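Below you'll find the structure, written out as structure tokens, and then a few comments.
The values are calculated or read from the model by the stated rules, or taken from the named source; none is laboratory data. Quick caveat, the model's predicted, so the values are computed rather than measured. In this analysis, Cβ positions are derived from the backbone assuming ideal geometry, glycine residues included, and neighbour counts consider all displayed protein chains. Remember, those area values only see protein heavy atoms, side chains included, never the ligands or the DNA or RNA. Shrake-Rupley method; radii C 1.70, N 1.55, O 1.52, S 1.80 Å.
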Amino acid sequence: KMARTFFVGGNWKMNGSLESTKSLTQTLTQAKLDSNVEVVVAPPALHLLTVQEQLKGSSVSVSAQNAFHKASGAFTGEVSVSMLKDASIPWVILGHSERRTLFHESDANVAEKTAAALAENLSVILCIGETLEQREANETVNVVVRQLNAVADQVKDWSKIVVAYEPVWAIGTGKVATSEQAQEVHAAIRKWASEKLGKDTADKLRIIYGGSVAGKNCKELAQQPDIDGFLVGGASLKPEFVDIVNANA
Ligand code: PEP
């Protein structure tokens with residue numbers, strides 16, 4: 001764990017105005033953030049360049065929330081991985097459960113997007129996780145392994161991927177996984193990585209937890225040996241995000 005830089009991402013989802021976003025970036029630039037933590041925020045596509053400009057000179061970088069794998073063309077409404085690259089946006093979130101569920105992205109779609117993003121030299125926050133029904137059927141590890149294998153079929157180099165384990169039942173529900181529940185799945189993911197990608201890749205792979213992370217539960221989660229950071233939704237829109245970044249401090 002010591003060798004892996006702690007990573008905290010803020011997924012702003014489809015929230016914020018130009019005005020509220022400005023005050024949020026001010027909070028971030030004025031806060032004292034643990035310098036050992038890599039911090040990335042993901043505003044809506046429309047706000048990406050503005051937020052990037054506002055965060056210039058700070059240690060916080062930006063991520064898109066999604067991207068399309070084709071470089072350009074007749075794909076109305078989409079933003080491509082190449083456009084992110086062109087705009088110097090370093091990160092993209094792919095496979096978020098809201099994309100998978102509400103916008104019907106399959107494991108294969110997510111894998112294709114991941115491969116395309118890496119080909120543009122972007123870094124990827126790859127989201128995986130089981131539904132409540134799948135957990136209750138004891139399918140959790142099978143589901144995350146299936147989601148990861150789809151990506152591994154198309155991607156050999158995992159050095160620019162951060163895996164975000166986000167149990168769907170914990171996202172936006174206020175129902176956080178216990179640190180034992182999260183650690184158990186994170187350990188299973190690292191075991192998968194070791195077997196599929198090799199021990200060196202597995203040791204370096206950052207596996208972050210997402211799902212109702214808050215100031216009050218982040219410290220205990222952060223202590224787990226295979227939890228290398230967080231992907232934060234709701235709380236990333238509040239000053240509380242700073243406390244989550246500083247969970248290890
Ligand atoms: C997310 O959307 O990635 C997320 C974890 O949301 P929340 O923190 O609100 O549960």
Out of curiosity, is Lys204 without any contact (Cβ under 8 Å) to a residue 60 or more places away in the chain and not polar (S, T, N, Q)?
no
Output the residue which, of all residues in region 1-42 that are touching a residue at least 24 places away in the same chain (Cβ under 8 Å) and among the acidic types (Asp, Glu), is surrounded by the most Cβ atoms within 10 Å (Cβ to Cβ).
Glu38
Residue that is nearest to the chain's Cα centre (by Cα) [pool: residues in region 213-241 that are open to solvent by 30 Å² or more (accessible area, probe 1.4 Å) and under 21 Å from Leu94 (Cα atoms)]:
Gly234
Out of all the residues in region 75-123, which are under 14 Å from Ser63 (Cα atoms) and in contact with a Cys (Cβ under 9 Å, 6 or more places away or on another chain)?
Ile93, Leu94, Gly95, His96
Of (1) within 16 Å of the ligand (Cβ to nearest atom); (2) over 25 Å from Lys13 (Cβ atoms), Asn142 fails just (1)
Check on Ala177, surrounded by 24 or more Cβ atoms within 10 Å (Cβ to Cβ) and modelled with pLDDT under 95
yes
Residues of region 90-130 satisfying the condition of being open to solvent by 50 Å² or more (accessible area, probe 1.4 Å) and within 16 Å of the ligand (Cβ to nearest atom)
Glu98, Arg99, Thr101, Leu102, Phe103
Which residues, taken from region 224-249, are away from the ligand (no atom under 14 Å from the Cβ), farther than 19 Å from Gly172 by Cα and in contact with a Ser or Thr (Cβ under 9 Å, 6 or more places away or on another chain)?
Gln224, Asp228
Quick one: would you say Val151 is in contact (Cβ under 8 Å) with a residue 40 or more places away in the chain, within 16 Å of the ligand (Cβ to nearest atom) and either more than 24 Å from Val213 (Cα to Cα) or open to solvent by less than 10 Å² (accessible area, probe 1.4 Å) (or both)?
no
I'd like to verify a number: residues in region 194-222 that are in contact with a strand residue (DSSP E or B) (Cβ under 8 Å, 6 or more places away or on another chain) and part of a helix (DSSP H, G or I), how many?
3
